[in-house]
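Let me begin by presenting the structure, written as structure tokens, before commenting on it.
Just so it is clear, none of the values below were taken in a lab; they were calculated from the coordinates. What you see is a predicted model; the values in this text were computed from it and never measured. Using ideal geometry, Cβ is built from the backbone for each residue, glycine included, and neighbour counts are taken over all protein chains shown.
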Amino acid sequence: MSTGNPRRWWALVVLAAAQFMVIMDTSIIGVALPEMQKDLGFSQGELQWVFNAYVIAFGGLLLIGGRLSDLLGARKIFNTGWVVLIAGSIVAAAAQTAWVEVVGRAIQGVGGALIAPAAMTLLMMLFAHDPKELGKAMALYGAAAPAGGTAGVFLGGVFTEWLSWPWIFIIYIPIGIATLAATKLLPAVGSRRGAVDVLGAAAVTAGLALAVFAIVRAPETGWASTSTVLQLVGAATLLVLFFVIQKTVREPLMPLGVWRVPRLGSANLAMTLLGAAWIPMWYFLNLYLQQVLGYGAFASGAALLPMTGLLMIFMTAITARLMAKFGAKPLIGGGLLVLAAGLLWLSAIEPTETFVVDVLPASLVAALGMSLAYIPAMMAAMSGSPQEQAGLASGIVNTTYQVGSALGLAALTAVATSQGAGQLGNLPALTDGFSAAFLWAAAIAGAGGLITLLAMRGEKAETPSAAVPAAQDEHVRA
């Protein structure tokens, strides 16, 4: 048996750092949103675009990022992604208007969509020689995600409170440069011939963006208005076109045959609903703490640390053991139901709540549910994939989580706005709007839990095959 790349564990540090930063990019903005809203002129409904511009670009382009990684070489695409992420960070930090900020966030999302699949490909190459080492490496790589979320919440509060919100983007510049300098530790892979499904990528990204735009605008223009209906029909048409393209082109981004893999469909549905419930909870909890309870940026970030800390502890130390004993299905279904319980508890918020007594326990219950469901759903989606489709399955499950996040946040922002969350300064109205968002998020998570328990096959999820195809392995060098 091959002993593997002698520098593989140092290379894993680089890859885990990349995962850490990509996830931190979604969490670091949370506590800074109210300050960005004041400085850049976002309305309460438009503020979600600071988050969704990143998520739509990231989720919509993950599959093409994976395809480019396969064709041009994972290390090359990994490096390119960091250059794009640094450029987006510069634009976002320098923004003086709302639309420039949204553009900067979208550019960051493009960078993340190149980095994430390339990093997973490189990890599989480095540890394909030993399934036990692969499992350990994936656990460490996975732990970087909740760690990045935790750091983002804390650093977002520190930078916003004592410096200014542009620093939440400036921090990516020196870290990105340092990461680029360290990529010599990663294996280099030669390019190979193949086509890139640009039309398919454009269709799915444009369809997702148009759907989010329609949902965001619907409370203002009316759900039955001509513009809303046309936008939603246009979004559906683009998404259908994407699947038609995948069926007809020679080298699609997402070969439809992959959906014959056992549990891929049910696991991805669970991930979609998990994202649609969890991300809106995190978003509205930030706003509730600052706009209703009057917390500053640092205090708000500190208030969320117990929740993100619990996530990190469970994901790294407990969830994998539970999955080995019980399998993925009960953890995914049960985790979604626990998340629903936490969200239902949060929906009882009042304008004069006490954080420690009324909010903290509910947030910890929700975090427990997330930590139980996320990794098992990821592993269930990938475990049945043959080695040549493991990367594709990983890209799909990451994409569905991001798509669920974007659509869920858009829909629940519309719900919250219609119930009073657009009335800044009116604490009862704001609370009613946020409460409605938590309640509907609970319904989404609860539905996901029940569907999983009823529909998912019950075999235990195993570590996905990650052997590098021989055709690629010939091109790998230390």
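A compact table of results
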| quantity | calculated |
| --- | --- |
| Helical contribution to [θ] at 222 nm, DSSP H n ≥ 4, -39,500 (n - 2.57), averaged over the chain, rounded to 500 | -25500 deg cm²/dmol |
| Prolate/oblate/rounded label for segment 209-282 (Cα gyration tensor, a/c 1.5) | oblate |
| For segment 168-184, 3J(HN,Hα) per residue [Karplus equation, 6.51 cos²θ - 1.76 cosθ + 1.60, θ = phi - 60°, Hz, x = Gly/Pro] | 5, 9, 4, 4, 6, 5, x, 5, x, 5, 5, 5, 4, 5, 8, 6, 5 |
| Fraction in percent of alpha-carbon pairs per bin - 5 Å, segment 83-180 | 3, 12, 16, 21, 19, 12, 8, 5, 3, 1, 0 |
| Of 76/132; 76/136; 247/325, those spanning more than 30 Å from alpha-carbon to alpha-carbon | 247/325 |
| Amide H contacts under 5 Å for residue 188, placed H, 5+ residues apart | 477 |
| Shape category assigned to the chain from the gyration tensor of Cα positions, a/c cut at 1.5 | rounded |
| Positive-end residue, the chain charge dipole about Cα centroid, Cβ charges, pick of 33, 219, 368 | 368 |
| HN-Hα J in Hz across segment 335-342 - Karplus 6.51, -1.76, 1.60, θ = phi - 60°, x for Gly and Pro | x, 5, 5, 5, 4, 4, 5, x |
| Per-residue ³J(HN,Hα) for segment 103-114, Karplus 6.51 cos²θ - 1.76 cosθ + 1.60, θ = phi - 60°, Hz, x for Gly and Pro | 4, x, 5, 5, 4, 4, x, 4, x, x, 5, 7 |
